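*Asks:* Structure incoming, see below.
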Amino acid sequence: MSLNMKTLTQAFAKASAVIEKTVQNTVQEVTGLPKPMQDYDILDQVGSAGPGLAWKLYSAKSRDGHIPAVYSTVCVWVLDKKALSEARQRAGLSKAAEDAFLDLIRADAARLVRLRHPGVVHVVQALDESKSAMAMVTEPVFASIANALGNLENLSKVPKELKGMVMGLLEVKHGLLQVAETLDFIHNNARLVHRAISPETVLITSNGAWKLGGFSFAISTDQSPDDSFNEHAFHYAEYDVEDSILPLQPSINYAAPELVRRKASSVGSACDIFSLGCLAYHLIARKPLLNCNNNVKMYTNSLTYLTTENFSAIPRELVPDLQRMLSVNDALRQTALDFTGSSFFRDDTRLRALRFLDHMLARDNMQKSEFLKALSDMWKDFDPRVLRYKVLPPLCAELRNLVMQPMILPMVLTIAESQDKNDFEQSTMPALAPVLNSAAGETLLLLLKHAELIINKANHEHIISHILPMLIRAYDDPDPRLQEEVLKKTIPLSRKLDVQLVKQSVLPRIHGLALKTTVAAVRVNALLCLADMVNLLEKSAVLDILQTIHRCTSVDHSAPTLMCTLGVANSILKQ
């Protein structure tokens with residue numbers, strides 16, 4: 001009987017899978033959209049990436065809340081097959097070239113799903129495709145390095161964050177170090193050669209980390225030379241040619257000589273080191289080392305006539321490493337691990353600080369405390385992009401540590417001052433909300449002092465669910481410092497709330513503080529608050545205020561109280 005039940009269960013499971021697949025195919029036929037575009041609400045396009053920047057990258061949110069809790073938003077990658085086909089026909093390219101290019105895209109997506117490493121773009125939902133499009137979902141992405149360097153191809157509207165974007169040397173150093181460490185994993189653990197390291201295949205996540213994608217041309221180092229011989233050499237033209245529509249080989253501007261030569265006998269991980277050197281040069285010198293228009297002759301001449309003059313824009317301590325990485329002889333190139341040990345990285349104190357932040361969660365509280373004291377002295381050395389994308393994310397993650405909150409919270413709030421509302425909501429508020437919900441004592445006092453900043457940047461939902469309850473706790477707390485501070489922040493809050501909610505949750509507490517406190521500063525601030533609220537209230541509530549000031553002056557004849565009473569009366573007179 002149990003065997004029959006098991007068989008029946010398996011049959012039901014298979015039938016369910018078939019039905020689900022049939023429904024999915026039917027939906028695709030009707031909508032023409034792959035599954036990720038049905039499961040997520042597509043927001044704004046944030047960038048483009050991949051070979052020829054063919055992928056469009058969109059910020060998106062789940063329609064039914066099935067996004068993993070770690071991501072409040074995700075990135076949906078979309079490739080428009082119809083537009084690609086039309087562009088291919090206009091360029092006079094063959095259907096076979098189009099099919100080969102789409103196979104490369106599929107190979108890349110499949111490889112990304114299998115590779116699990118912090119330095120590789122994390123896939124949330126695997127590639128799916130319909131007749132008109134391909135799509136997959138990854139962790140949230142800011143843009144590709146190509147976009148950050150000013151290549152905005154395949155972007156229908158340029159995001160404001162990319163307009164005139166310039167990355168400072170510290171951000172570039174940190175990013176290159178992350179890419180090199182990922183390459184070390186790719187070469188020695190995953191046993192792969194990427195073969196296409198370039199600005200199009202390195203992504204910047206929304207948290208500022210630089211991660212590898214674009215594994216379309218990757219090969220295994222474990223396969224025999226006979227198996228991989230045909231995969232090694234690419235066929236670049238001897239003359240200028242435009243192939244950015246359907247690139248079937250890595251960009252020649254970043255390709256190692258052994259990939260370009262027609263009779264390459266073997267290709268190893270050293271080709272990725274050459275590409276990394278070209279990428280580093282472009283990022284630091286702010287211009288490509290090679291700009292060959294897919295022309296092999298121009299590529300060969302550019303390499304042949306490289307001189308020390310070409311490295312004049314490169315920091316002196318990096319030049320020897322970069323020259324080794326760009327050697328025509330692959331045997332002379334250093335490894336990715338060697339590159340991470342360069343004095344270019346090792347001797348930079350600010351970079352060491354960012355590296356500590358990368359692994360902050362793994363440190364003990366004593367180490368964190370010492371580091372944060374040093375970090376407060378480095379504040380002036382970090383540009384706004386580094387603060388926002390390199391410093392803020394790890395600090396937000398560390399806010400869960402109650403011991404470290406008093407040191408970290410002021411830094412988070414300082415960085416938040418330069419954020420716009422949308423950025424604050426996406427990156428800072430999710431980490432700040434639990435702190436707002438539980439803050440007490442000195443932490444609550446600090447938040448109250450910055451309450452106006454938080455109120456102005458938070459959306460209405462967060463004001464109601466997190467900020468208002470925090471302020472109510474402060475009204476009800478016996479500490480007069482908290483009472484005084486929350487009274488100062490009442491008007492900015494009240495302007496964001498419905499009048500009925502103010503009358504129900506806020507106004508009775510202000511009356512209570514004005515009447516019951518024995519601290520002059522609290523009574524004065526309560527009366528000032530009532531004066532400022534007059535223009536928000538109707539007649540009955542104003543009459544309640546008159547009754548309160550009458551009761552206050554009957555027991556307190558001090559000059560500050562009487563002056564504040566006059567202020568309330570004047571506000572009522574104007575109203």
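The values are calculated or read from the model by the stated rules, or taken from the named source; none is laboratory data. All figures in this text were calculated on a predicted structure; none of them were measured in a lab. Cβ: placed from backbone, ideal geometry, glycine included. Neighbour counts: every protein chain shown. Surface areas here come from the heavy atoms of the whole protein model, side chains and all, with no ligands, DNA or RNA. Shrake-Rupley method; radii C 1.70, N 1.55, O 1.52, S 1.80 Å.
*Asks:* Please work out which residue is surrounded by the most Cβ atoms within 10 Å (Cβ to Cβ), limiting yourself to segment 153-175 and to residues that are under 17 Å from the mean Cα position of the chain (by Cα) and closer than 28 Å to Thr340 by Cβ.
*Replies:* His174
*Asks:* Hey, can you tell me all the residues within segment 254-311 that are of a type in the set (Ser, Thr, Tyr) and over 21 Å from Ala148 (Cα atoms)?
*Replies:* Ser265, Ser266, Ser269, Tyr299, Thr300, Ser302, Thr304, Tyr305, Thr307, Thr308
*Asks:* For segment 394-430, enumerate the residues that are in contact (Cβ under 8 Å) with a residue 60 or more places away in the chain and touching a helix residue (DSSP H, G or I) at 6+ places or on another chain (Cβ under 7 Å).
*Replies:* Scanning segment 394-430 gives a single hit, Ser427.
*Asks:* Being at pLDDT below 90 and either within 21 Å of Gly32 (Cα to Cα) or within 25 Å of the chain's Cα centre (by Cα) (or both) is true for just one of Ala146, Ala87. Which residue is that?
*Replies:* Answer to the selection: Ala87.
*Asks:* If you don't mind, another one. Give just the number: which of (1) of a type in the set (Gly, Ala, Ser); (2) within 30 Å of Thr300 (Cα to Cα); (3) free of Cβ contacts under 8 Å to residues at least 24 places away in the same chain does Ala313 not satisfy?
*Replies:* Of the numbered conditions (1) of a type in the set (Gly, Ala, Ser); (2) within 30 Å of Thr300 (Cα to Cα); (3) free of Cβ contacts under 8 Å to residues at least 24 places away in the same chain, the odd one out for Ala313 is (3).
*Asks:* Which of the following residues is assigned to a helix (DSSP H, G or I), without any contact (Cβ under 8 Å) to a residue 12 or more places away in the chain, of a type outside the set (S, T, N, Q) and over 30 Å from His462 (Cβ atoms): Leu566, Leu546?
*Replies:* Of the residues listed, the single one that is assigned to a helix (DSSP H, G or I), without any contact (Cβ under 8 Å) to a residue 12 or more places away in the chain, of a type outside the set (S, T, N, Q) and over 30 Å from His462 (Cβ atoms) is Leu566.
*Asks:* Please go through segment 146-155 and give me each residue that is in a loop (DSSP other than H, G, I, E, B) and either touching a helix residue (DSSP H, G or I) at 6+ places or on another chain (Cβ under 6 Å) or not aliphatic (A, V, I, L, M) (or both), ordered by number.
*Replies:* Across segment 146-155, the qualifying residues are Gly150, Asn151, Glu153, Asn154.
*Asks:* Given the criterion open to solvent by 20 Å² or more (accessible area, probe 1.4 Å), under 21 Å from Leu566 (Cβ atoms) and β-branched (Val, Ile, Thr), identify the matching residue among Val534, Val519.
*Replies:* On the way: Val534 fails: open to solvent by 20 Å² or more (accessible area, probe 1.4 Å).
When all the criteria are applied, what remains is Val519.
*Asks:* What are the residues in segment 384-425 that are of a type in the set (Lys, Arg) and farther than 21 Å from Val166 by Cα, if any?
*Replies:* Those that are of a type in the set (Lys, Arg) and farther than 21 Å from Val166 by Cα: Arg400, Lys421.
*Asks:* Here is a check on your reading of the model: is Asp44 at pLDDT 90 or above, over 22 Å from Leu112 (Cα atoms) and outside any helix (DSSP H, G or I)?
*Replies:* So Asp44 passes the test.
*Asks:* Could you list all residues from segment 338-377 that are in a helix (DSSP H, G or I) and either within 23 Å of His187 (Cα to Cα) or hydroxyl-bearing (Ser, Thr, Tyr) (or both)?
*Replies:* Selection gives Asp338, Phe339, Thr340, Ser343, Phe344, Phe345, Arg346, Thr349, Arg355, Asp358, Ser369, Ser376.
*Asks:* Further question: Just one of (1) out of contact with any strand residue (DSSP E or B) (no Cβ under 9 Å at 6 or more places or on another chain); (2) more than 21 Å from Gln38 (Cα to Cα); (3) among the basic types (Lys, Arg) trips up Lys131, so point out which.
*Replies:* (2)
*Asks:* Scan segment 88-145 for residues that are among the small types (Gly, Ala, Ser), crowded, with 22+ Cβ neighbours inside 10 Å and assigned to a strand (DSSP E or B) and jot them down. Please lay out each step first, then the result.
*Replies:* Restricting attention to segment 88-145, the residues satisfying the condition of being among the small types (Gly, Ala, Ser) are 91-92, 94, 96-97, 100, 107, 109-110, 119, 126, 130, 132-133, 135, 143-144.
Checking which are crowded, with 22+ Cβ neighbours inside 10 Å leaves us with 109, 135, 143-144.
Answer for segment 88-145, where residues must be among the small types (Gly, Ala, Ser), crowded, with 22+ Cβ neighbours inside 10 Å and assigned to a strand (DSSP E or B): Ala135, Ala143, Ser144.
*Asks:* Here's a follow-up. What is the number of the single condition among (1) closer than 29 Å to Gly50 by Cβ; (2) aromatic (Phe, Trp, Tyr); (3) over 35 Å from the mean Cα position of the chain (by Cα); (4) open to solvent by 10 Å² or more (accessible area, probe 1.4 Å) that Tyr254 does not meet?
*Replies:* Here Tyr254 clears every test but (3).
*Asks:* So which helices (runs of 4 or more DSSP H) stay within segment 454-537 end to end and still have 1 or more residues that are more than 30 Å from Asp556 (Cα to Cα) and in contact (Cβ under 8 Å) with a residue 12 or more places away in the chain?
*Replies:* Result: 468-476.
*Asks:* Test Ser505 against the criterion of being surrounded by fewer than 15 Cβ atoms within 10 Å (Cβ to Cβ) and hydroxyl-bearing (Ser, Thr, Tyr), and give yes or no.
*Replies:* For Ser505, the condition - surrounded by fewer than 15 Cβ atoms within 10 Å (Cβ to Cβ) and hydroxyl-bearing (Ser, Thr, Tyr) - is not met.
*Asks:* Would you confirm, using the coordinates I've provided, whether Leu392 is open to solvent by less than 10 Å² (accessible area, probe 1.4 Å) and touching a Lys or Arg at 6+ places or on another chain (Cβ under 7 Å)?
*Replies:* No: the conditions fail for Leu392.
*Asks:* While we're looking at this one, here's another question. Can you confirm whether segment 163-180 contains a residue that is part of a loop (DSSP other than H, G, I, E, B) and at pLDDT 95 or above?
*Replies:* For segment 163-180, residues part of a loop (DSSP other than H, G, I, E, B) and at pLDDT 95 or above: absent.
*Asks:* Inside segment 297-337, can you point out the residues that are open to solvent by less than 30 Å² (accessible area, probe 1.4 Å), within 15 Å of Asn253 (Cα to Cα) and in a helix (DSSP H, G or I)?
*Replies:* Scanning segment 297-337 gives Tyr299, Leu303, Met325.
*Asks:* Next question, about the same structure. So which residues in segment 428-456 are closer than 20 Å to Asp498 by Cβ and open to solvent by 30 Å² or more (accessible area, probe 1.4 Å)?
*Replies:* Within segment 428-456, Glu452, Asn456 qualify.
*Asks:* Further question: From the list Leu402, Leu432, Leu413, Leu436, which residue is more than 21 Å from the chain's Cα centre (by Cα) and closer than 22 Å to Val486 by Cα?
*Replies:* The match here is Leu436.
*Asks:* When Val158 is evaluated against the numbered criteria (1) over 27 Å from Val193 (Cα atoms); (2) in a strand (DSSP E or B), which criterion, by number, is the only one it fails?
*Replies:* The single condition Val158 does not satisfy is (2).
*Asks:* Do we find that Leu515 is closer than 30 Å to Ala440 by Cα and of a type outside the set (Phe, Trp, Tyr) in this structure? Before the answer, list the steps.
*Replies:* On the way: closer than 30 Å to Ala440 by Cα: yes; of a type outside the set (Phe, Trp, Tyr): yes.
Against the criterion (closer than 30 Å to Ala440 by Cα and of a type outside the set (Phe, Trp, Tyr)), Leu515 qualifies.
*Asks:* What pairs come up if the first residue lies in segment 78-91 and is under 24 Å from Val46 (Cα atoms), the second is acidic (Asp, Glu), and their beta carbons are under 7 Å apart, counting only those six or more places apart or on different chains?
*Replies:* Leu84/Glu98; Ser85/Glu98
*Asks:* What are the residues in segment 206-228 that are outside any loop (DSSP other than H, G, I, E, B), open to solvent by less than 10 Å² (accessible area, probe 1.4 Å) and at pLDDT below 95, if any?
*Replies:* Ile219, Ser228
*Asks:* Go through segment 267-296 and give me each residue that's outside any loop (DSSP other than H, G, I, E, B) and either among the aromatic types (Phe, Trp, Tyr) or touching a helix residue (DSSP H, G or I) at 6+ places or on another chain (Cβ under 7 Å) (or both). Break it down into steps so the answer makes sense when it comes.
*Replies:* First pass over segment 267-296, keeping only residues outside any loop (DSSP other than H, G, I, E, B): 270-285, 295-296.
If the condition is that a residue be outside any loop (DSSP other than H, G, I, E, B) and either among the aromatic types (Phe, Trp, Tyr) or touching a helix residue (DSSP H, G or I) at 6+ places or on another chain (Cβ under 7 Å) (or both), then Ala270, Cys271, Asp272, Ile273, Phe274, Leu276, Gly277, Ala280, Tyr281, Leu283, Ile284, Val296 are the ones that fit.
*Asks:* Kindly indicate the residue of segment 347-369 that is loosely packed, with under 12 Cβ neighbours inside 10 Å and without any contact (Cβ under 8 Å) to a residue 24 or more places away in the chain and also farthest from the chain's Cα centre (by Cα) among those meeting that condition. Reasoning before the result, please.
*Replies:* The first filter runs over segment 347-369 and keeps only residues loosely packed, with under 12 Cβ neighbours inside 10 Å, leaving 347, 349, 359, 362, 364-366.
Subsequent filtering for residues that are without any contact (Cβ under 8 Å) to a residue 24 or more places away in the chain retains 359, 362, 364, 366.
Working: His359: 17, Ala362: 21, Asp364: 26, Met366: 29 Å.
This residue is Met366.
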